[in-house]
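Each remark here refers to the structure printed beneath this line.
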Amino acid sequence: MQFIRKNPYAEELRQQQPTDPQHTVHPHKHPPYMKVFLWLVILTAIEVSPIFSEIFFGFSPIPHNLLVPMLLTIAVIKAALVALYYMHLLYDRFWLGAMILSPLAFAMYFGLVIAVPY
Amino acid sequence: MAIDQHVAGGHAPPHAADAPSTLTVGVGNRKLGLWIFLASEVIFFTALIGGGILLRLSSTPGTWPMPGEVLNVPLTSLNTFILIVSSVTVVQALAALQDNRRQHFRMFLVATFILGVTFLSIQAYEYYKLVFEEGLMLSQFTLHGHHGEADVVVQSVYGAAFYIQTGFHGMHVLGGVLWLSFVTIKAFLGGYAPDDYEGVEIFGLYWHFVDLVWILLFTIVYLI
């Protein structure tokens with residue numbers, strides 16, 4: 001008797017296996033890559049516009065202390081768009097995302113501990 | 001292989017060698033390995049970026065330049081755009097392969113390669129300008145005086161923080177370009193198929209991760 005755990009994804013995997021030796025092409029539905037690209041470009045344009053205004057026109061429309069949280073928020077949104085759509089985390093196994101985020105959570109905790117004296 | 005056969009229903013699937021190698025976790029071994037590698041990269045980059053932030057927070061006032069004071073933000077914005085476009089070309093290459101559009105698949109790989117090399121070239125040009133014209137060194141930077149004022153040399157670890165963060169990222173792009181050259185050559189030699197795309201997919205995951213890190217670095221190092 002074999003004690004190999006049954007793969008819960010076996011049926012899904014079997015369906016993914018090619019059955020036709022001539023490499024049958026199954027129509028793939030792709031994530032909205034170009035829409036995400038457009039958002040990344042728009043967010044980048046918003047991100048750089050205050051500093052461009054400062055470099056080319058000599059003034060920044062947003063005070064620096066407001067700018068920092070705004071820019072960090074936009075950067076996190078852009079990073080999340082890349083991870084969810086281009087790295088397929090939105091469509092892939094949940095635990096892959098959890099695995100990549102867990103060291104980040106630890107790093108943030110340790111960073112916080114070090115940063116507190118400052 | 002025995003386990004593969006077991007989970008796939010006790011018979012070897014046709015083209016078993018082309019299919020993603022799979023254990024009981026539902027993700028190909030190579031893909032799982034790459035994700036574990038990326039998790040370690042998260043630790044690495046978080047340490048570097050976190051170290052940079054802590055150095056900045058603990059620096060003496062006036063020893064950390066304001067955004068755009070030393071660094072060339074417009075040039076780096078162009079580089080950011082190039083890296084984002086290269087991420088799109090990678091996913092389009094993968095989509096073209098999955099749809100069996102071989103010509104598009106190869107074309108998008110070549111486009112990604114060109115964009116990656118362009119990013120590195122611009123970064124090399126940026127470093128050259130910073131070192132030889134702006135005077136940004138590991139332990140000091142130069143504030144150029146306006147209207148005939150003398151230049152001021154400021155002792156600071158700003159340069160060290162800048163070069164270690166962007167340089168480490170640049171080495172990752174270089175690694176990605178080298179990896180991509182192998183993928184592209186294999187693609188032109190007839191490698192990969194609509195049901196054998198794991199090699200392209202895992203390269204894409206690495207490339208997007210490098211893009212993702214740049215998105216964060218660009219904001220933290222150049223904009224704030």
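The numbers here are math on the coordinates, done by the rules we state, and not lab data. These numbers were taken from a predicted model, which means no experiment stands behind them. Backbone-built Cβ (ideal geometry, glycine too); neighbour counts: all protein chains shown.
Here are the numbers for the structure shown:
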quantity	calculated
10 Å Cβ neighbours from other chains, averaged over peptide A:59-69	1
For the range A:89-105, Karplus couplings with θ = phi - 60° (6.51, -1.76, 1.60), whole Hz, Gly/Pro x	5, 5, 9, 8, 4, 4, 5, 5, x, 5, 5, 6, 7, 4, x, 5, 5
Most mobile of B:H144, B:H104, B:H169 in a GNM of chain B (Cα contacts under 10 Å)	B:H144
Cα gyration tensor shape for the range B:118-207, rounded if a/c is under 1.5, else prolate or oblate	prolate
Relative contact order computed over chain B (Cα-Cα under 8 Å; 6+ residues apart), in percent	26
J(HN,Hα) series, the range B:198-210, from Karplus relation 6.51 cos²θ - 1.76 cosθ + 1.60, nearest Hz, glycine and proline x	4, x, 6, 4, 6, 4, x, 4, 4, 5, 5, 4, 5
Cα gyration tensor shape for chain B, rounded if a/c is under 1.5, else prolate or oblate	prolate
Candidate lysines - alpha carbon under 22 Å from B:K31, same-chain residues fewer than 8 apart omitted	A:K6, A:K29, B:K186
Under Karplus coefficients 6.51, -1.76 and 1.60, residue-wise ³J(HN,Hα) of the range B:62-77 in Hz, glycine/proline x	x, 9, 10, x, 6, x, x, 6, 10, 7, 8, 5, x, 5, 6, 4
Interchain or long-range residues, amide H under 5 Å from B:S156's placed H	B:Q140, B:F141
